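Read the figures in this text as sums done on the coordinates, not as results from a lab. Fair warning: this is a prediction, and the values are worked out from it, not measured in the lab. Note that each Cβ is placed from the backbone with ideal geometry, even for glycine, and that neighbours are counted across all protein chains shown.
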Amino acid sequence: MNVHGMAAIYRFEMARAGRTLWQSLVTPVITTALYFVVFGAAIGRHMADMDGVSFGSFIVPGLTLLSVFMQSIFNASFGIYFPKFVSTIYELLSAPISSLETVIAYVGAAVSKSIILALVTLATATLFVHVRVEHPLLMVLFLVLITTGFCLMGFVIGIWAGNFEQLQIIPMLIITPLTFLGGAFYSVSALAEPFRTITLFNPVVYLISGFRWTFYGVADVPVWASLAVMIAIIAVCLAVTGWMFRTGYRLKQ
């Protein structure tokens, strides 16, 4: 395994995050903090508890993942798209580093940035609402699996995208609506039929529910189902990424 090559890519991606700190960390945290102020501190005091948890605290996991989803995709997609844009992708493809090592380096850097963002966001949330974590180790596991899955998804989008506009199509038009409809601000059990059943077809529901369970011990779906969905997302994205490297899809154009 080419450890030096992987480390070089990883350091380059982390250094890029440092140069764009305002965009990659400060702006998402400020945006999420505004959500906490409006929904948690202001509106939350007038809302009923959700599954025995105050509304302001209940939405913390969902708002954290809302930010993590978007930044995971953007970080990973831009990381692989920019070499294509400036035509340095051929240097990467001809370097003595395998496709698996390339994916590990790029996705590993994106995962690191997303985890940092999530932890900073959670720390910010404690300034506005009460947050407790009943299962801290499982919370970290869920966070790593979720960020890995969405960073792999972003990596696939970065290879597929033909321009900067296409980098934003899936995150803005698909992921964001699914997140808002996936229980980020409410409990799925509060929905009436048939909307409750329809909502269960949204994979984001399982991610938010499982992540929220690690905080407060309440979940809309079984925890094993949340783990299964996360593993499935990772497996599908790995399979697609492998196919893209094997066929050279939009990498050698």
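Let me check against my output: what whole-number percent is the relative contact order of the chain, with C-alpha pairs under 8 Å and at least 6 apart? Write out the running numbers ahead of the final one.
Values: 301 pairs, mean separation 65.4, N = 253.
Relative contact order here is 26 percent.
Efficiency by 1/(1 + (r/R0)^6): what FRET value for Ala192 and Thr124, r their Cβ-Cβ distance, R0 = 30 Å, to the nearest 0.05?
0.35
Would you kindly state how much longer the chain becomes between Leu141 and Ser87 on full extension, computed as 0.36 nm times their sequence separation minus their alpha carbon distance, in nm to one decimal? Provide the component values of the computation, followed by the final result.
On the way: separation 54, 0.36 × 54 = 19.44 nm, distance 3.65 nm.
The span from Leu141 to Ser87 would gain 15.8 nm if fully extended.
How far is helix 3-19 tilted, in degrees, relative to the longest principal axis of the Cα atoms in the chain, given as a value from 0 to 90 rounded to the nearest 10?
With both axes taken from Cα atoms, the answer is about 60 degrees.
Gaussian network model of the chain, Cα springs within a sub-10 Å range: biggest mean-square fluctuation belongs to which of Phe58, Phe150, Phe164?
Per the Cα network of the chain with a 10 Å cutoff, Phe164 tops the list.
How many percent of Cα pairs in the chain exceed 28 Å? Could the numbers behind the result be given before it?
On the way: 10771 of 31878 pairs.
Counting every Cα pair in the chain, those more than 28 Å apart make up 34 percent.
May I ask you to derive the relative contact order of region 140-240, considering only C-alpha pairs under 8 Å and at least 6 residues apart, and to give it as an integer percent? List each step's numbers first, then the result.
Numbers: 76 pairs, mean separation 35.6, N = 101.
Here the relative contact order equals 35 percent.
Compute the length gained on full extension between Lys252 and Leu178: take 0.36 nm times their separation in residues and subtract their Cα-Cα distance, giving the result in nm to one decimal. Numbers along the way, then the final one.
Values: separation 74, 0.36 × 74 = 26.64 nm, distance 3.28 nm.
Residue separation times 0.36 nm, minus the Cα-Cα distance, leaves 23.4 nm.
How high is the relative contact order of region 47-141, in percent, with contacts defined as C-alpha pairs under 8 Å that are six or more residues apart? Kindly include the intermediate steps, with their values, before the conclusion.
Numbers: 36 pairs, mean separation 40.8, N = 95.
The normalised contact order for region 47-141 reaches 43 percent.
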